[in-house]
Amino acid sequence: MQNDSVVVIGSINYDLFLSVERLPVLGETAVARDMQSAGGGKGANQAVQCAKLGMKTYMVGAVGRDFMGESLLADLQAAGVDTQYVHKSPFPSGMGIVHVLPDGNVFSTISRGANDSVTPEDVEKAEPLLKKAFALMLQLEVPTETVSCAIRTAHRLGVPVLLNAAPAKAIQPELFSLCDTVMVNEVEAGYYTGQVNTTIVQAMENIVPFAARHQVRTVFTLGALGAVACDRGAAPVHIPAVKTNAVETTGAGDSFAGGYLKAMSAGLSFTDCVRFAAHCSAVTVSRVGGQNAMPALEAVLPYLRASN
């Protein structure tokens, strides 16, 4: 196993994208301009981005014994993700409904389905992979006890953990301290800090206590405002968003997370990892779609070379 192999334990969803002029109001039936389906879920998205950037990527998760599950496995495998640790659950595959507005912003609702059947036993089965992995990537769309088990197992094995603590939910605070990096968007940052983080100034003020308290590298992503990064309580740094013609924001945060891990495996500094991640997400939002819009390494390799 190469030294940049990554294990992703997380969600796998079948997403339906509805293009709408606006969100419906109470009691209204809105008509979508267009409907598309694609593989999704934060875990699967991040695994695809890692694989497309050239990392040997193993997905640990679950799909249903349905047509969606077959489609999801095929999508992952086509992107180069190893799915031997994805099991088929008696529950339906996880599903997401995504309303896409004309400005590219998205509003999503998910049904967890088979993702709820990802258990600590799946983590135990994947331990041979973790022992040799460069890093473990996690999100919070599978049960929290599974995430907790994975973090503690990786910490015991000395494997760095990137926790994208999304969607925001209550977890044991000490788990943050067992991670190498915690990554959240402005809404999730508000949940974990108890403070508003919609501006750069607010994020730079609020990220420091969180990073210092948990002694963890922390990244708050702020959409078009870029990101704020803090290395275990050191002075925070603002990384501007890469200028691009944004078409759709689906998967932007997952592309960012995958890009960060790729840069980390290449030995870049913490802030350069965040800058490289911003380049990845900029490519993703400039294209229509989620996993299919995520860049291959060739699209962002010039920046990676320039940073070394």
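Quick one: in the range 196-205, which of the residues that are out of contact with any strand residue (DSSP E or B) (no Cβ under 8 Å at 6 or more places or on another chain) and part of a helix (DSSP H, G or I) is most open to solvent (accessible area, probe 1.4 Å)?
It comes out as GLU205.
Can you tell me which residues in the range 223-233 are open to solvent by 50 Å² or more (accessible area, probe 1.4 Å) and in contact (Cβ under 8 Å) with a residue 24 or more places away in the chain?
GLY223, LEU225, ASP231
Return a yes/no flag: does the range 267-285 have any residue that is part of a loop (DSSP other than H, G, I, E, B), closer than 18 Å to MET183 by Cβ and under 13 Å from the mean Cα position of the chain (by Cα).
no
For the range 77-94: of the residues being touching a helix residue (DSSP H, G or I) at 6+ places or on another chain (Cβ under 6 Å) and among the hydrophobic types (A, V, I, L, M, F, W, C), which is farthest from SER5 (Cα to Cα)?
PHE91
Do the conditions hold for THR193, that is, is it in contact with a Phe, Trp or Tyr (Cβ under 7 Å, 6 or more places away or on another chain), open to solvent by 10 Å² or more (accessible area, probe 1.4 Å) and not basic (Lys, Arg)?
Judged against the criteria, THR193 is a match.
If I ask for residues that are open to solvent by less than 30 Å² (accessible area, probe 1.4 Å), of a type in the set (Asp, Glu) and not in a strand (DSSP E or B), which ones from the range 1-56 would you list?
Scanning the range 1-56 gives a single hit, ASP4.
Given the conditions (1) open to solvent by less than 20 Å² (accessible area, probe 1.4 Å); (2) without any contact (Cβ under 8 Å) to a residue 60 or more places away in the chain; (3) within 20 Å of ALA241 (Cβ to Cβ), which single one is not true for PHE210?
Answer for PHE210: the failing condition is (3).
For the range 57-171, which helices (runs of 4 or more DSSP H) that fit wholly inside it have 2 or more residues that are open to solvent by less than 70 Å² (accessible area, probe 1.4 Å) and among the hydrophobic types (A, V, I, L, M, F, W, C)?
Where helices (runs of 4 or more DSSP H) fall fully within the range 57-171 and carry at least 2 residues being open to solvent by less than 70 Å² (accessible area, probe 1.4 Å) and among the hydrophobic types (A, V, I, L, M, F, W, C), they are 67-78, 127-132, 144-157.
Kindly indicate whether PHE256 is crowded, with 22+ Cβ neighbours inside 10 Å, modelled with pLDDT of 95 or more, outside any strand (DSSP E or B) and touching a strand residue (DSSP E or B) at 6+ places or on another chain (Cβ under 7 Å).
It is true that PHE256 is crowded, with 22+ Cβ neighbours inside 10 Å, modelled with pLDDT of 95 or more, outside any strand (DSSP E or B) and touching a strand residue (DSSP E or B) at 6+ places or on another chain (Cβ under 7 Å).
The values are calculated or read from the model by the stated rules, or taken from the named source; none is laboratory data. This structure is a prediction, so every number in the text was calculated from the model and none was measured. All Cβ positions, glycine included, derive from the backbone under ideal geometry; neighbour counts span all protein chains shown. Accessible surface areas use protein heavy atoms only, side chains included; no ligands, DNA or RNA. Shrake-Rupley method; radii C 1.70, N 1.55, O 1.52, S 1.80 Å.
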